[in-house]
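What follows is calculated from the coordinates using simple rules that are stated; it is not laboratory data. For clarity, every value in this text was computed on a predicted model and none was experimentally measured. Because the Cβ atoms are built from the backbone with ideal geometry, glycine has one as well, and the counts that use them run over all protein chains shown.
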Amino acid sequence: MDLFYKWKSAITRFYLRSGVVTGVLLTIYGIVLTGCVAIVPIVPEVPKTISNLEDAELALRANSIETYGRIWEEESVELGDSYSAGISAWKLANVTMDSAWSNAAINSFEKDLRNNSFNVALTTAWLGSAHALQARDFPIQGWWQVIPGPGFVRLYHVQRSFSLLNEAVKKDPFNPIIRLIRGSTLLGIPSIFGGYKKGISDFETIEEWISNPKLNTEYANLIESQPWLQEYYLSCAKTNFDDEDNKKNTDCLQKLYDITQEPVLKEYAKWKLN
């Protein structure tokens with residue numbers, strides 16, 4: 001009987017040690033992958049005539065890759081604008097779901113903060129959102145995450161995202177861009193992490209400001225501007241509000257269609273509404 005328990009204890013220790021070692025190795029593997037050099041993807045070929053939603057989404061993706069890929073190549077150099085580089089990396093991460101790009105965004109925004117960012121609160125918000133993208137696109141997926149190590153890496157990025165987003169809003173609570181970044185990011189994170197209500201609240205606050213810009217005199221001009229409204233309605237249309245009839249998404253799509261002068265966005269909103 002003693003021999004049995006000795007064998008059982010030895011086997012248990014073996015699996016525990018193996019699990020820890022595997023977790024460490026996978027964590028290193030994940031960190032190495034997320035640290036890979038980000039390569040601008042090839043712009044996909046878009047049909048000359050957009051005849052369905054798939055074509056419209058492809059055109060929107062191609063437009064993002066072309067626009068922000070060019071900005072990244074111009075601004076990611078040593079003397080470039082690290083904030084603009086971070087925005088372009090974030091946009092590319094969002095459309096490619098490539099963790100190398102979210103990692104590039106994190107590095108760029110952190111560099112901008114070290115170099116005395118022109119707007120600390122705004123950069124902090126983008127940095128928080130970039131951490132959420134890193135959590136989403138972390139290369140280790142599925143049941144591998146329960147092994148000690150890999151799962152904690154994803155949790156770390158979620159925690160950093162929450163902390164940085166809240167810090168940004170605290171620094172500049174009336175900035176509608178920061179509210180939109182936090183709101184859309186929190187609603188993109190599984191509700192089990194507890195950010196859903198705060199994300200909804202951010203969108204409700206923005207809607208109040210849009211309905212009555214006098215409630216936010218500091219940013220009234222921005223709130224009433226066409227570029228801001230276009231960005232807001234596009235983000236709103238893509239956000240998961242967890243409502244059965246998707247009424248919020250539909251309303252935002254309709255408003256996007258009504259105000260935008262950009263052909264790609266017009267086509268996207270039109271086919272999405274169909």
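A few points about this structure:
- Reachable lysines, given that their alpha-carbon falls under 22 Å from the alpha-carbon of Lys248 and they are not under 8 places away in the same chain: Lys197, Lys198, Lys238, Lys266, Lys270, Lys272
- Diffusion of region 193-274 by Stokes-Einstein, at 25 °C in a medium of 0.890 mPa s and with Rh set to the Kirkwood radius over alpha-carbon pairs, works out to 181 µm²/s.
- Sorted ascending by nearby beta carbons within 10 Å, beginning with the fewest, Ile259, Ile42, Ile210 become Ile42, Ile259, Ile210.
- Per-pair calculated FRET efficiency, R0 = 25 Å: Leu155 and Asn115 via Cβ, rounded to 0.05: 0.30
- Between Ile39 and Lys214, the FRET efficiency estimated from the beta carbon spacing at R0 = 41 angstrom works out to 0.30.
- In region 91-124, the chymotrypsin sites (Phe, Trp or Tyr not before Pro) that fall in loop regions by DSSP, at most 12 other Cβ within 10 Å: Phe118
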